[in-house]
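Notes follow once the structure below has been shown.
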Amino acid sequence: MVADRRELLGFATVGLLAYAVDLGLFTWLRGPAGLGPLTAKTLSFVAACAVAYAGNALGTYRHLGRPRGLRPYAVFFAVNAAGAAVQLLCLAVSHYGLGLTSQRADTVSGAGVGMLLGTILRFWGTRTLVFRSTAGSGDRSGSWNGTNGGRVGSWTG
């Protein structure tokens, strides 16, 4: 229970940092840098994904060992893109499907409901698909006999 709470707090902290990077970079790219909205959002999203991946790999899920190669980052990016798609879908359903077109309705559906559902998806995907524990999965690479300790029957225990 304590580990789950620690994991959730770590994930939330990293998420807030990534959100700040996304918002700050997007604002700068749209303003002083003069980029278009889609280009700016794409770049800020990729940067925020990199920050979130590093924060989760080096912080939240460091006890599971760092995944190697590009595949874990690609899966992490896909999970985050799916979370963003959930947010956009909530906004689209509210705005175009239900006809709730006010600024408040857009904020509630996109940044409220969409963010909540997208975050649940991101947490599940990050935990399950990217930084999954190999304990109990049949991976016996810890030692020659599949245990986590020393050699059985030897003087080292």
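The values are calculated or read from the model by the stated rules, or taken from the named source; none is laboratory data. For clarity, every value in this text was computed on a predicted model and none was experimentally measured. A quick note on method: Cβ atoms are made from the backbone with ideal geometry, for glycine too, and the neighbour counts reach across all protein chains shown. We work out accessible area using only protein heavy atoms, side chains counted, and drop any ligands, DNA or RNA first. Shrake-Rupley method; radii C 1.70, N 1.55, O 1.52, S 1.80 Å.
Data table
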item	result
Residues that are over 20 Å from Leu16 (Cβ atoms), among the polar types (S, T, N, Q) and without any contact (Cβ under 8 Å) to a residue 12 or more places away in the chain, drawn from segment 72-119	Thr101, Ser102, Gln103
Residue match in segment 127-146 (condition: assigned to a helix (DSSP H, G or I), open to solvent by less than 60 Å² (accessible area, probe 1.4 Å), farther than 16 Å from Val14 by Cβ and at pLDDT 90 or above)	yes
Identity of the residue in segment 40-97, polar (S, T, N, Q) and open to solvent by less than 60 Å² (accessible area, probe 1.4 Å), that ends up farthest from the chain's Cα centre (by Cα)	Ser94
Flag if Ala54 is modelled with pLDDT of 90 or more and part of a helix (DSSP H, G or I)	yes
Condition met for Arg5 (open to solvent by 30 Å² or more (accessible area, probe 1.4 Å), assigned to a helix (DSSP H, G or I), charged (D, E, K, R) and without any contact (Cβ under 8 Å) to a residue 12 or more places away in the chain)	yes
Any hit, segment 99-120, residues being surrounded by fewer than 19 Cβ atoms within 10 Å (Cβ to Cβ), modelled with pLDDT of 90 or more and not in a helix (DSSP H, G or I)	yes
Residue tally, condition assigned to a loop (DSSP other than H, G, I, E, B) and either open to solvent by 100 Å² or more (accessible area, probe 1.4 Å) or in contact (Cβ under 8 Å) with a residue 24 or more places away in the chain (or both), over segment 16-38	1
Conditions (1) within 19 Å of Ala82 (Cα to Cα); (2) in contact (Cβ under 8 Å) with a residue 40 or more places away in the chain; number of the one not met by Ala47	(2)
